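What follows is one structure encoded as structure tokens, with my remarks underneath.
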Amino acid sequence: MMKRILDLALCAALVLAPFGATARAEDPRETPLVRAVRRAKASVINIHSEKTAVSSDPLFAGRQGRKINGMGTGIVVDERGYIVTNHHVVNGVDTLRVTLENGSTYEADVISYNHARDLAVIKINPTSSLTVMPMGTSSDLMLGETVIAVGNAFGYEHTVTSGIVSALNRDVEVNETQSYKNLIQTDASINPGNSGGPLINLRGEVVGINVAIRAGAQRIGFAIPIDDARQVIAELLSIEQLNQTYHGLVTRDLKTATQKKLLVNSARPNSPAADAGFRAGDVVLKAGTVEVNDAADFERAILGRSAGDKVNVVVRRNETSETLALKVGQFSGRGFASATPGVVVRANNNSNDAPVDRIWETLGVRLAGVSQTDQSLTGSKYRGGLQVVEVRKGSPAMIGGILQRDVLVGLDKYETVIPENITWILERRPTPPGALKFHVVREKRTLWGQLTLSAQALPTQTR
């Protein structure tokens with residue numbers, strides 16, 4: 001009897017041995033938090049910037065200011081080098097430099113931004129494909145849920161802090177010109193330099209974009225919910241804005257705790273989407289090689305394609321999958337003016353638009369249309385203007401004191417609502433020769449200055 005018991009014990013030991021070995025192989029130090037950071041960190045970008053401090057003098061006196069170094073964080077949203085960050089991280093900077101997790105460094109350009117939503121897309125040209133940040137959803141966040149902030153805190157790259165979701169749906173006003181709706185509040189330590197970086201969950205998925213802290217408080221930070229941010233990112237990556245091409249598909253994101261999908265509302269009449277056969281109720285699953293979870297994925301899948309290119313789009317329709325051939329169309333809208341309210345797109349240096357090129361060559365600015373209802377003109381007497389997207393170094397605009405984000409509302413006693421207003425003024429040859437008085441709106445104030453143009457810079461008068 002004793003021998004039998006020993007035999008059974010030996011069998012049990014042999015059966016359980018593999019499980020014991022597995023348990024011993026698991027490192028108790030490798031917590032879910034460690035695994036989450038490991039998954040996400042390759043997609044976190046450290047941003048370093050330089051900008052010129054400017055005088056507050058309304059007459060733009062003493063424009064040669066000192067240089068200020070800034071810092072921030074970004075999130076890879078496309079493997080070709082498209083990175084999302086906060087607009088305030090890149091606003092008005094002279095240079096941008098980003099560092100990847102592997103230590104490689106690149107110069108970056110601002111591609112598009114939305115000031116009101118405080119988001120921007122910047123672009124680098126990496127030597128190899130980047131790792132796209134795993135996207136979660138903010139629709140099912142729970143109070144007390146563990147979250148992790150990763151970012152360039154005070155310039156200490158890839159700093160990791162953890163905490164919990166302290167509150168949801170917070171509305172926060174930073175100053176007269178910047179406020180936020182529906183923010184996530186967290187007690188994960190967020191410091192200067194964390195702006196634009198990810199707030200991730202224990203799966204390593206981004207659920208928010210860190211944006212602000214409560215001055216004077218301890219461990220009160222805020223993040224833009226990723227579901228809200230992705231809608232803005234889709235606008236910032238819009239092929240209409242960046243490529244002057246279009247698809248004509250009208251969609252909406254649907255995100256819950258169990259699903260992330262892009263639903264087709266309609267296809268615009270006579271558009272490429274209508275020609276391809278898209279129907280209301282279709283669920284977009286894949287476009288080209290990109291798995292589609294939302295409109296941002298769809299836009300980046302088409303981004304970079306030329307008019308006439310065909311993209312195979314897989315949709316689910318009536319519980320079956322179908323492949324539709326989408327032929328990218330040429331967008332007839334103007335490249336310098338955003339078709340999406342609030343979104344400003346950096347103009348294409350290779351634009352064939354004559355007024356845009358003439359303004360760039362003569363004044364040294366690139367511009368985007370601004371309507372009277374734009375936040376920057378609220379309460380003003382102006383019926384519209386042209387927002388400064390880019391200022392060329394050493395140009396008459398830079399020397400005269402015009403800054404990025406200024407809204408040009410007047411030039412030589414005339415209003416400037418469309419670029420053709422400026423080219424008409426330039427063709428008149430200002431008096432005295434080469435001197436142009438301008439008015440800009442900056443932070444709700446109207447300022448004026450003077451542009452000095454050389455005779456060679458002025459265009460030949462046309463009749």
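Assorted remarks:
- Given (1) of a type in the set (Gly, Ala, Ser); (2) in contact with a helix residue (DSSP H, G or I) (Cβ under 8 Å, 6 or more places away or on another chain); (3) more than 21 Å from Val160 (Cα to Cα), number of the condition Ala229 does not satisfy: (2)
- Evaluation of Ile190 against (1) modelled with pLDDT of 95 or more; (2) surrounded by 21 or more Cβ atoms within 10 Å (Cβ to Cβ) (one fails), failing number: (1)
- Count of residues meeting criterion [of a type in the set (A, V, I, L, M, F, W, C) and over 28 Å from Thr137 (Cα atoms)] in the stretch 236-276: 2
Table: residues versus (1) crowded, with 23+ Cβ neighbours inside 10 Å; (2) hydroxyl-bearing (Ser, Thr, Tyr); (3) not assigned by TED's automatic domain parsing to the domain that holds Asn191.
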position	(1), (2), (3)
Gly70	no, no, yes
Arg80	no, no, yes
Val89	yes, no, yes
Tyr106	no, yes, yes
Leu119	yes, no, yes
Val150	yes, no, no
Val160	no, no, no
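- Restricting the stretch 305-352 to residues that are buried (at least 16 other Cβ atoms within 10 Å of the Cβ) and hydroxyl-bearing (Ser, Thr, Tyr) leaves a set whose member that is modelled with the highest pLDDT is Thr340.
- Answer residue from the stretch 239-265, given it is in contact with a strand residue (DSSP E or B) (Cβ under 7 Å, 6 or more places away or on another chain) and of a type in the set (A, V, I, L, M) and is surrounded by the most Cβ atoms within 10 Å (Cβ to Cβ) among those: Leu249
- Residue match in the stretch 409-432 (condition: within 25 Å of the chain's Cα centre (by Cα), modelled with pLDDT of 80 or more and assigned to a strand (DSSP E or B)): no
- Ala188 being within 19 Å of Ala36 (Cβ to Cβ), under 19 Å from the mean Cα position of the chain (by Cα) and not hydroxyl-bearing (Ser, Thr, Tyr): no
- Selection over the stretch 362-378 of residues that are at pLDDT below 70 and not charged (D, E, K, R) gives a count of 4.
- Here Leu168 meets the list (1) surrounded by 16 or more Cβ atoms within 10 Å (Cβ to Cβ); (2) under 25 Å from Asp294 (Cβ atoms) almost entirely, failing just condition (1).
- Residue that is touching a Lys or Arg at 6+ places or on another chain (Cβ under 9 Å) and not β-branched (Val, Ile, Thr), where the choices are Asn152, Asn182, Asn191: Asn182
- Number of residues in the stretch 67-101 that are without any contact (Cβ under 8 Å) to a residue 60 or more places away in the chain and either of a type outside the set (Asp, Glu) or not in a loop (DSSP other than H, G, I, E, B) (or both): the value is 16.
The values are calculated or read from the model by the stated rules, or taken from the named source; none is laboratory data. Nothing here was measured: the structure is a model prediction, and the numbers come from that model. All Cβ positions, even for glycine, are placed from backbone atoms using ideal geometry, and neighbour counts span all protein chains on display.
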